[in-house]
Every structure is written in C-alpha cells, then in structure tokens.
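The values are calculated or read from the model by the stated rules, or taken from the named source; none is laboratory data. Computed from a predicted model, the values in this text were never measured in an experiment. In this analysis, Cβ positions are derived from the backbone assuming ideal geometry, glycine residues included, and neighbour counts consider all displayed protein chains. Accessible surface areas use protein heavy atoms only, side chains included; no ligands, DNA or RNA. Shrake-Rupley method; radii C 1.70, N 1.55, O 1.52, S 1.80 Å.
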Amino acid sequence: MKENHRVGGEAVKRYAAPMEGITGYIYRNAHHRVFGGVDKYFTPFLSPGKKRSLRSRELGDILPEHNQGVPVVPQILTNDWEDFLHTAEILKEFGYEEINLNLGCPSGTVTAKKRGAGFLACPEELDRFLDQVCAGTDRKISVKTRLGVESPEEFGPLLEIFCRYPLSELIVHPRVQKEGYRGTPHREEFHRALLEAPFPVCYNGNLFSPEDVEQFSREFPQADRVMFGRGLIADPALASAAGEGKTVTEEAFRRFHQEILDGYCRIMSGDRNVLFKMKELWFYMIHLFSGGEYFEKKIKKSSTVAEYRLWVERLINECPILPRADVSFLRRG
C-alpha cells in the first residue's frame, strides 16, 4: 500500500467521491494515471433491479479489467438486504474486498423510494438491514451517510445504529437530505461521530481547495481521512495538491482530457453521446481557465467531436490555466 502524504502534520487518506454520470471507469483511469493522489475511488452507485442483476453499464464500470491498478470501492444503492447480499456476491467474485452502502444520495427520485438518504428516515428498517448484511457477507462493509432527512438532530440515533455493527468505515457528509449541497456542513455532528464511533470515520463536504483541507485539519487534527467530491472534478490535482502541493499544468490537462475523450470515443457510438459526457465535465473544468467563458459557450454548442476538439484546443492555447481552479461557484452551493 502506498504511503499517505501529510496534511496538517498527520497522515491523511484521500478519497474520491462517486458522482453519477461523471466518475465512471474512463474518468477514474485517466485521473489515476495523470494526477493520482487518491487512496480510494468510490464508484457511482450500483442499483440492483428486481432480478438482482446489474445493468450492462454498471457491470462494465466494475469489471476488474476496466480498473486495473486503480484502488476502487463499489457502492450499492438499495434498501433491500437480499439485493445487497446478492450484489455483494457478484463483487466478491470480481475480487472486491470492500463494499460501500449509499445512504447519502439526496436526489428526490432516489429518496422517494426510501433509498440513499431517504433510507435514513426508517431507522428500524436500517437497523435490520445492517444486521442482515453484516452477518451475510465476509466482505468489508463501509457506509457513506448524511445526518438524516430533515434535521441534524436525527444523526445521534442513527450513529447509535451504525456503532452496533462492525463497519470498516463511516463516511459522513454532515448535511441532511433536505439541504442538498446548500448551506454550511454541520461539522459538530462529524465531530460526534469521530469521538463515538468504534471504526474509522471519514469527512466529506465542502473541501474545494488545499486551504480548505488545511483548515479542516486544524479544526480536527485527529481526523485521518477526507473525501473530495465536486472540488476534485473542478480541480483534478486537488487530492495530490493536498498532499504534495501539485497543480494542474497544461501538459497534464491535455493528457487527462485526451485520455477521457479517447476513452468515450472508444466505448460509445455517435458524437452526440460522447459530447454529452464531455460537456458534463466542462461544467466543472472550465473554472481551471482564466477568461474561458467565450470558449465554454462554444464547447457547449459543439455538435461534432471534431468541432469540439477545435474549441477545446483554442481554449487551452488562448486561456492560461490557473494555479488552482476558481471554486467560488461551488461555495455558492
């Protein structure tokens, strides 16, 4: 296992959060090869269907041959313990040692089915679920959670439930489902978990710059792991910056972008599908460039991959890359 770099004087593990539609294996492989600095990449959630089979897209994302040398943890979204265990067996056959349970997704379409953060509204059912899955598999089970649905006060009883089970790790995004990504994280609840949990606790939420990580480490010097989400998509060097002070260079960005684009062109048919995936990334990545607004519009309007390549090339040639991404758009929620 690689040595963790130091933030705030202590060894801190750095994780990459899953983002649906963005952090699939094409992105993960390119990021790991070009920027690195991530100890674990969590996959976008796998959602077992009624037949408990995985969709071809989900299966492709977790195949070992698509993740060679990349430290990956599959994430499952379900409130059915039998579905979880069935999927866990598939993941075990692929050699995965850890499986993550998604209790954090705030999307209304997910929570309406009492999945993701919506499952937190049913503590008794969640308790029974964890009892079954912890007894039913020899894989490590970690949990990524929010504080509750309506109020941070819900977290105390939820934490008591988590602490009853031999979780390998608890990742806490200290907001409730109703807050989405708005407002200030309730870090006092993360601190509670840090003090009370018998297993490692990871922090996730509003870590958008190396300065954010340094401030967090001063506030919680005992915390030894953090997770980056939207900030890492905007600034792909963020995880390595937190440990080594790296920044995104033009050369590195060109290679990173090219690997992602080539990867999507290889697995997708038609320019439209490829461009949809790339344009999702540019919502975040454009903030690496000074004065890139004009080219952002041209990139978004591109209708062919050839046209898209030309506008991206002009952006890189004509707009300097900033030492750090301008993440003010993320701080606004």
Of all DSSP beta bridges with both partners in the chain, the antiparallel percent, nearest 5, is 10 percent
Note down the relative contact order for the chain as a percent, whole number, built from C-alpha pairs under 8 angstrom at least six residues apart. 17 percent
With at most 16 neighbouring Cβ atoms within 10 Å, loop trypsin sites (Lys or Arg not before Pro) (DSSP) excluded, longest segment of the chain: 183-331
Give me the net charge for the shell around residue 275: Cβ to Cβ below 12 angstrom, other residues only, Lys and Arg +1, Asp and Glu -1. +3
If amide H atoms are modeled at 1.01 Å from N in the peptide plane, then the residues at a separation of 5 or more from residue 75, or on another chain, having amide H under 5 Å from its own are 43, 46, 100
Can you pull the percent of the chain's accessible area that's carbon plus sulfur, 1.4 Å probe, other chains left in place? 49 percent
Candidate lysines for bridging to residue 92, where Cα separation is under 22 Å - those fewer than 8 sequence places away on the same chain excluded: 40, 50, 51, 140, 144
Could you give the dipole magnitude of the chain about its Cα centre, charging the beta-carbon of Lys and Arg +1 and that of Asp and Glu -1, in debye to the nearest 20? 980 debye
What whole-number distance in Å separates the alpha-carbon centres of the stretch 65-138 and the stretch 167-215? 19 Å
Can you tell me which of 25, 203, 308 moves the most in a GNM of the chain? Springs connect C-alpha atoms under 10 Å apart. 308
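Lys and Arg at +1, Asp and Glu at -1: add these up for the other residues within a Cβ distance under 13 Å of residue 249 and post the number.
Its environment carries a net charge of +1.
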Charges on Cβ only, +1 for Lys and Arg, -1 for Asp and Glu, centred on the Cα centroid of the chain; of 302, 22, 241, which one is farthest towards the dipole's positive end? 302
Rounded to two decimal places and with Rh computed the Kirkwood way over Cα pairs, what is Rg over Rh for the stretch 246-286? 1.02
